[in-house]
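To keep things clear, I will list the structure first and then write my remarks on it.
Here, each number is a calculation from the coordinates, and none is a lab measurement. Keep in mind that what you see is a predicted model, and the values were worked out from it rather than measured. Heads up, the Cβs are rebuilt from the backbone with ideal geometry, glycines too, and the neighbour counts pull from every protein chain shown.
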Amino acid sequence: MAGYVSEVLGNLEKKVYWEKEFLQAAAEVLNSIKVLVEKDSKYKEHRILERVLEPERVIMFRVPWQDDNGNVQVNKGFRVEFNSAIGPYKGGLRFHPTVNLGVLKFLGFEQMFKNSLTGLPMGGGKGGSDFDPKGKTDNEVMRFCQSFMSELFRHIGANTDVPAGDIGVGGREIGYLFGQYKRLKNIYEGVLTGKGLNWGGSLIRCEATGYGTVYFAEEMLKTKGELFKHKRVAISGSGNVAQYAVEKCIEYGAKVVTLSDSNGTILDEDGIDSEKLAYIMDLKNCKRCRIKDYAAKYKRAKYFEGKKPWGLAEAEIALPCATQNEVDHKDAKALVDNGCICVAEGANMPSTPEAVEYFIKKKIFFGPGKAANAGGVATSGLEMSQNSMRLAWSREEVDNKLHTIMINIHKAAKDAAEEFGTPGNYVNGANIAGFRKIADSMLDQGLV
Ligand code: NDP
Ligand code: 2IT
């Protein structure tokens, strides 16, 4: 039995050696689940690892569109339908120039286990484009989204594959995508989540990833009698996830001292309060400007061009909410040296394997993305339920359900970590608990 995991990983590295992010995500999951799959021969007999590593379907397409000057532009479009063992494919769309198949395979792979952890019936998928929404007009974004959906529409549906937002895809893009889907299919259905509140969206979906990350971190802290109250928090990013993580930290009485974007970081030793957060939301979501402007508006804040938040200031809690591999070993060390006791990943795979190893070695609370940021997709699942029932739940009802789901995910990861001999290791726990349900469902459903 020994060696099944190494054999599969070795083969994967040879086959797709250029898909670095996918290999990174796969290695982490496979190393965690070794204790499970090498204990029971059924997984190897049915080649579950090889099957779980191969997307069920990958769709790649051309996205031609016209810019405001009448020039023709061409982008790549993707949808990776990874696994439908426990429900329709579900996961976001990312519009960013760095998007390629390897990145979307890593995201789709992570999504599969994350969705399993939510306890809701959702399979895993991810999609997107190398289109860069930065600097584009609303009309350009609309024409791009319409062209993107003109191909994607034939592959998705409320019971087949339900995309949502991710980096570069927010309320504006979901609106244009939904409009075009409805026009082409002549069906009004919950085919996308993160919809506007007037047309089938769920209250709290916008807030869910950021809130959920804080709920998860709070659960970890509570195991040692700690709370958010009065703690200093370093957050990266300043998009959807970061903004609502700040909102919940403020509510919990913590002091958020940093935010960032791909150009640099702001440090505000006074803390970002509700009024400053409202300014940031307007700056980022409406004016679509840079975080640098914050330091021009609030003179006591400092701006660090080209710098990440890690280690810039003392902080007991870190919430990386920007992108993959934004916390490396050096950053991890800087965080711990500055008093960090808790990291919860709002982004997907923001910590490099060396950073994760360091956090675990230092025995700080470390909540991996697939557990800590699962509140977003969980609330997408709640949006799907409301669409199916043609009902809309109140803000309080959705938030309570989200909170309960995050408490349950924390418990599932903690319990699995203990059951398999690494108490306190939420990486192992989340991977094992997420994988076990999918693998057993695949076994039940035969060789498909
Ligand atoms: P947004 O597009 O709203 O915001 C992204 C933020 O991250 C921006 O501040 C952006 O800066 C920054 N960023 C993006 N790429 C880079 C980069 N290469 N280097 C430095 N900073 C970067 O996206 P979200 O907030 O939705 O997503 C953030 C993370 O959370 C992603 O990892 C996403 O996969 C994950 N996530 C999102 C969920 C959701 O519901 N939206 C759910 C679960 C996870 P700039 O403006 O300069 O590009
Ligand atoms: O990474 C993620 O979980 C998301 N971008 C949200 C996916 C979703 O379907 O809500």
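Using a Gaussian network model on the chain with a 10 Å cutoff between Cα atoms, which of GLU56, GLU219, GLU419 fluctuates the most? Checking each option, the largest mean-square fluctuation is seen for GLU419. Dipole magnitude for the chain: about 420 debye, using +1 per Lys or Arg Cβ and -1 per Asp or Glu Cβ, origin at the Cα centre. Annotation for the range 262-293 versus the range 337-384: alpha-carbon center distance of 23 Å.
Compute the separation of the alpha-carbon centres of the range 398-435 and the range 112-142 and state it in Å as a whole number. About 24 Å separates the Cα centre of the range 398-435 from the one of the range 112-142.
Using the average count of surrounding beta-carbon atoms within 10 Å as a protection proxy, the listed peptides 428-437, 360-369 rank, highest first, as 428-437, 360-369.
GNM remark for the chain: springs join alpha carbons under 10 Å apart, and the peak mean-square fluctuation among ALA26, ALA296, ALA164 falls on ALA296. All Cα-Cα distances of the range 307-373, cut into 10 Å bins from zero to the largest, leave 25, 65, 10 percent in each bin in turn. In terms of the mean number of neighbouring beta-carbon atoms within 10 Å, the peptides 227-235, 205-213 order highest first as 205-213, 227-235.
By DSSP, the beta bridges lying fully in the chain are antiparallel in about 60 percent of cases. Within the range 1-79, all pairs of alpha-carbon atoms sorted by distance into 10 Å bins from zero give the percentages 15, 37, 21, 13, 9, 4, 0. For the range 279-325, a Kirkwood hydrodynamic radius built from all Cα pairs, placed in the Stokes-Einstein relation at 20 °C and 1.002 mPa s, yields a translational diffusion coefficient of 171 µm²/s.
Helices in the chain, meaning DSSP H runs of at least 4 residues, each add -39500 (n - 2.57). Divided by all residues, the mean residue ellipticity at 222 nm is -15000 deg cm²/dmol.
Among the listed pairs LYS276/LYS333; LYS126/LYS182; LYS182/LYS437, which are separated by more than 23 Å between their Cα atoms? Pairs exceeding the cut-off: LYS276/LYS333; LYS182/LYS437. Treating each Cα of the range 109-179 as an identical point scatterer and summing with the Debye formula, the log10 of I(q)/I(0) at q = 0.14, 0.15, 0.17, 0.24 Å⁻¹ comes to -0.49, -0.56, -0.70, -1.15.
Computed on the Cα atoms alone, the convex hull of the chain gives a volume of 137 cubic angstrom per residue. Straight-line reach from LYS287: taking Cα to Cα under 15 Å and skipping same-chain neighbours fewer than 8 places apart, the aspartates and glutamates in range are ASP138, ASP261. Here's the list of aspartates and glutamates a cross-link from LYS42 could span, going by alpha-carbon distance under 18 Å and ignoring same-chain residues fewer than 8 apart: GLU7, GLU50, ASP440, ASP444.
Put simply, when 109-121, 35-47, 329-341 are sorted by average Cβ atoms within 10 angstrom per residue, most first, you get 109-121, 329-341, 35-47.
Tell me, how many Å apart are the Cα centres for the range 39-110 and for the range 1-22? Value for the Cα centre distance between the two parts: 18 Å.
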